[in-house]
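Derivation of every value follows stated rules applied to the coordinates shown; laboratory data play no part. Small disclaimer: the values here were computed from a predicted structure and weren't measured. Neighbour counts are summed over all protein chains in view; Cβ atoms, including those assigned to glycine, are modelled from backbone coordinates with ideal geometry.
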Amino acid sequence: MPTDCISYQKSGYFAKLIVDYLDEKSELKTLYNRFPKLENFKAQIDEKTQNFPQQNRDVLVAALQNQYKGFEVSEATNNNISLLSDAKTFTITTGHQLNLFTGPLYFLYKIVSTINLCSTLKKEYPEYNFVPVYWMATEDHDFEEINYFNFKNIKIKWNAESHGPVGRLSTSGLEEVAAVFASELGIGQNADYLKKLFEETYLKHGNLADATRFLANELFGKKGLVILDGDDTDLKQLFAPYVKNELLNQTSFKKVSETNSVIEKEYQIQVNPREINLFYIEDNLRERILFEDNLFKINNTKLAFSEKEIMELLENNPEKFSPNVILRPLYEEIILPNLCYIGGGGEISYWLQLKSNFEANRITFPILLIRNSVVLATEKQFQKADKLELSWADLFSNQQELFNNKTKEFSKFNLDFSEQKEFLKQQFEKLQEIAKQTDKSFLGAVNAQQTKQIKGLDNLEKRLLKAEKRVHAEKLELILLLQNQLFPNQGLQERKANFSEFYLDASTTLIEKLLQQLDPLEPNFTIVSL
């Protein structure tokens, strides 16, 4: 089987900002606190210790205990929740939307990265405790991003309407989705488990937040994962002073705009701040807070508040204020004793825009770590790659380039006419020396002839390559088939497929293999054999 590994930088799937971050380019050092190296976590621990009050720990633990009421909680998770009261306990956090049945595969990779980093840190710093946290994005409102998952190239979709925070959305109507999914799964022990898991997740829980907590707990609870819902009145109370600052001073707009003006000279900006980076939320409402005509107005509604009125609302109902993508990371780091945030390339890109706002609010900026990326392959697919003489670098490459390169490898002939072109160029250089000594029209004729003959060689080269592709068509077709299986639509498998597709064959070994093989501090694609 192929044994080479592909670094994130060379994979072609990461933006320039992330590539330069991974390469620790000096120009980016002002955008982050510490680079994700094992030896850097002690300084992060020391800084967070000085900047995280015991009161916040007590509120956090009480909130988690309340959120887990009615759920079957593993001993490992219960223990981790209790440990959060201890000043020597810290979290490693990842976040994700409430995608239907986890959505794409990388949901698993985020959480496994988080669990594994906690294990690694415990070995390195045994005097401390490290708790893996999954932050549910319950206050998001983009339902179209989360209301489906792909199963064997079939889109399993939940047709419903959502106008408020998705975590509060009723799960009614998912019976039809469960029936469709069950019919696609077919028969067998693993299929029966997945049917039951879907039904217990969505048909026995009243809202999407509870359903997602149940599902993540079923998959990872025994590993001590702690699942947190930020849509919580007591947790929002801790955030209230920062909400007040945002409403009155628009600090985040000023700070992030300053950072963006520097970043945009070299990189694409991931998110742009608004003057007020807060939403007003109710069960069926999530709208921006605007400041116009000396009033705080709720966009697309008739609601409006004076400064006094909105301050009273904040004091009495902090749960009505929801941070957007700019402020949500700040909220997260205020209520968690967190050391490191683990996310995908897009997430880490926007976190890199936020450090100055953290500094302005005197909150410790976490270490930023790119989550593990994985390609799942069966033993048969590994064998096919061996037989076709394919490396992982081959399989990650552009399909047209792969075709051309493999055709050249398979051919008995040298399909590159560079040598002939160079010889031709040398011959015409001699002719040009002669032409310069005679009439200028002759020099023009020489140059025209050179262009014509080089073009002729180019055409012959292309025709020979095309002819050789026909000769090796069967082998090339197998390469195409294998690459399309591993990289659907020439994209990453982890962004398309759902875990259930692989669970059908791999059963519980899927998550166990990920836990065994993923190293969160190793910035390479991991190829996992099923």
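The modelled label-to-label distance between ALA15 and GLU512, using points 7 Å beyond Cα along the C-beta direction, is 3.9 nm. Dipole size of region 130-203 about its Cα centre, with +1 on Lys/Arg Cβ and -1 on Asp/Glu Cβ: approximately 260 debye, rounded to the nearest 20. For region 1-79 versus region 292-371, the spacing of their alpha-carbon centroids is 18 Å. Each residue of region 488-495 is assigned a 3J(HN,Hα), and the resulting list reads x, 6, 6, x, 6, 3, 5, 9 Hz, derived from the Karplus form 6.51 cos²θ - 1.76 cosθ + 1.60 (θ = phi - 60°), x at Gly and Pro.
Annotation: the residues HIS96, HIS141, sorted from fewest to most other C-beta atoms within 10 Å of their own C-beta, follow the order HIS141, HIS96. For region 248-315, report the % of Cα-Cα distances exceeding 19 Å. Considering region 248-315, 43 percent of its Cα-Cα pairs are separated by more than 19 Å.
Would you work out which of ASN300, VAL166, ASN190 lies farthest towards the positive end of the dipole of the chain? Charges go on Cβ: Lys and Arg +1, Asp and Glu -1. The residue sitting farthest along the positive end of the dipole is ASN190. Pairs exceeding 26 Å between alpha-carbon atoms, taken from LYS10/LYS37; LYS195/LYS223; LYS155/LYS195; LYS155/LYS222: LYS155/LYS222. Estimated at 0.36 nm per residue, the fully extended path between LYS157 and ASN56 surpasses their Cα-Cα distance by 32.4 nm. Take the convex hull of the alpha carbons in region 269-365; its mean projected area over all directions comes to 7.7 nm².
Between the alpha-carbon centres of region 90-132 and region 215-242 there is a gap of 13 Å. Ordering CYS5, CYS340 from the fewest to the most neighbouring beta carbons within 10 Å gives CYS5, CYS340.
For region 30-121, taking the reciprocal of the average inverse distance between every pair of different Cα atoms yields a Kirkwood hydrodynamic radius of 15.5 Å.
Relative contact order, whole percent, for the chain stands at 23, derived from Cα pairs under 8 Å and 6 or more residues apart.
Whole Å is fine, so just give me how far the alpha carbon centre of region 258-286 lies from that of region 138-206. Taking the Cα centre of each part, region 258-286 and region 138-206 sit 30 Å apart. Evaluated with a Cβ-only charge set (Lys, Arg +1; Asp, Glu -1), the chain carries a dipole of roughly 1660 debye about its Cα centre, given to the nearest 20.
Taking the charge dipole of the chain about its Cα centre, with +1 at Lys and Arg Cβ atoms and -1 at Asp and Glu Cβ atoms, the residue from PRO132, LEU480, LEU327 reaching farthest to the positive side is LEU480.
Annotation for region 75-171: GluC sites (Glu not before Pro) lying in DSSP loop with at most 12 further Cβ atoms inside 10 Å of their Cβ are GLU127, GLU161.
In order along region 240-249, the phi-based Karplus estimate (6.51 cos²θ - 1.76 cosθ + 1.60, θ = phi - 60°) of 3J(HN,Hα) comes to 3, x, 7, 5, 4, 4, 5, 5, 8, 10 Hz; Gly and Pro are listed as x. If you take every DSSP beta bridge whose two residues both sit in the chain, what share of them, in percent to the nearest 5, is antiparallel? Of all bridge pairs located within the chain, approximately 45 percent are antiparallel.
Taken over region 162-285, the ratio of Cα radius of gyration to 2.2 N^0.38 Å equals 1.50. In straight-distance terms, cross-link reach from LYS452 covers every one of the lysines whose alpha-carbon lies under 30 Å from its own, apart from those fewer than eight places away in the same chain; here that gives LYS406, LYS408, LYS412, LYS421, LYS425, LYS430, LYS436, LYS440, LYS462, LYS466, LYS469. Share of Cα-Cα pairs in the chain beyond 32 Å, in percent? Value for the chain: 53 percent of Cα pairs lie more than 32 Å apart. Its convex hull of Cα atoms gives region 171-228 a direction-averaged projected area, equal to a quarter of the hull surface, of 4.2 nm². Each of MET136, MET311 was scored by other Cβ atoms within 10 Å of its Cβ. Listed from fewest to most, they are MET311, MET136.
Note on region 17-79: along the principal axes its Cα atoms extend 49, 26, 19 Å, ordered by decreasing extent.
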